[in-house]
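Participant: This is the structure I have questions about; it appears just below.
The values are calculated or read from the model by the stated rules, or taken from the named source; none is laboratory data. Nothing here was measured: the structure is a model prediction, and the numbers come from that model. With ideal geometry, Cβ positions are generated from the backbone for all residues, glycine too; neighbour counts draw on all protein chains shown. Heads up: the accessible areas ignore ligands, DNA and RNA and are worked out on the full protein's heavy atoms, side chains in. Shrake-Rupley method; radii C 1.70, N 1.55, O 1.52, S 1.80 Å.
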Amino acid sequence: MEKKCQNIKVGEIINTQITGISKYGIFVKVDDIYTGMIHISEITDKYVNDIGRIYVIGESIDAKILEVDEEKKQLKLSTKELNSGKNKRKPIKEEGRGFEPLKENLDRWINETLEDLKKNEKTE
């Protein structure tokens, strides 16, 4: 983390190191000049009860720059956008004709199953 970040810009993804954890966010060191904060609402799109169960002090994490305060050398950061999309289920692609095949075949399937049951009763 000793390297200085050149041209800090909103939208960039940078590597940070966690220096503190509070109930409302994570404090990070970006380099020798900039520090940053990731508010609890910017950690993930899921509910977070305890940030300490997700991250630990000293951990290195990537974050996206949301705002830059050049005067205070502070950054508002987010990991939410970097993590969204991971672990999301892919939508099920609908194929065919919906319930139409069920409607067309249900009576036949029921009759076939009843016939199989009757055959099994006779053999037992």
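Participant: Test Lys46 against the criterion of being basic (Lys, Arg) and loosely packed, with under 13 Cβ neighbours inside 10 Å, and give yes or no. Break it down into steps so the answer makes sense when it comes.
Facilitator: Details: basic (Lys, Arg): yes; loosely packed, with under 13 Cβ neighbours inside 10 Å: yes.
Spelling it out, Lys46 is indeed basic (Lys, Arg) and loosely packed, with under 13 Cβ neighbours inside 10 Å.
Participant: May I ask you to list pairs of residues, at least six apart or on different chains, whose Cβ atoms are under 8 Å apart, with the first in segment 18-29 being farther than 14 Å from Glu59 by Cα and the second being part of a strand (DSSP E or B)?
Facilitator: Tyr24/His39; Gly25/Met37; Gly25/Ile38; Gly25/His39
Participant: With the requirement that a residue be open to solvent by less than 100 Å² (accessible area, probe 1.4 Å) and among the charged types (D, E, K, R), what does segment 105-124 give you? So that I can check it myself, show each step before the final result.
Facilitator: In the first step, residues of segment 105-124 are kept if they are open to solvent by less than 100 Å² (accessible area, probe 1.4 Å); the result is 105-106, 110-114, 116-117, 120.
Once the filter is applied, which keeps residues that are open to solvent by less than 100 Å² (accessible area, probe 1.4 Å) and among the charged types (D, E, K, R), segment 105-124 yields Glu112, Asp116.
Participant: Can you tell me which residues in segment 56-67 are more than 18 Å from Leu82 (Cβ to Cβ) and in contact (Cβ under 8 Å) with a residue 40 or more places away in the chain?
Facilitator: Gly58
Participant: Considering each residue of segment 22-39, count those that are at pLDDT 95 or above and hydroxyl-bearing (Ser, Thr, Tyr), and give that number.
Facilitator: Final tally of qualifying residues: 0.
Participant: Let me ask something additional. Can you pull out every residue in segment 45-81 that is part of a loop (DSSP other than H, G, I, E, B) and under 16 Å from the mean Cα position of the chain (by Cα)? Show your work before the answer.
Facilitator: Taking segment 45-81 as the starting set, the residues that turn out to be part of a loop (DSSP other than H, G, I, E, B) are 45-50, 54-59, 70-73, 79.
Within segment 45-81, Asp45, Lys46, Tyr47, Val48, Asn49, Ile54, Tyr55, Thr79 meet the criteria.
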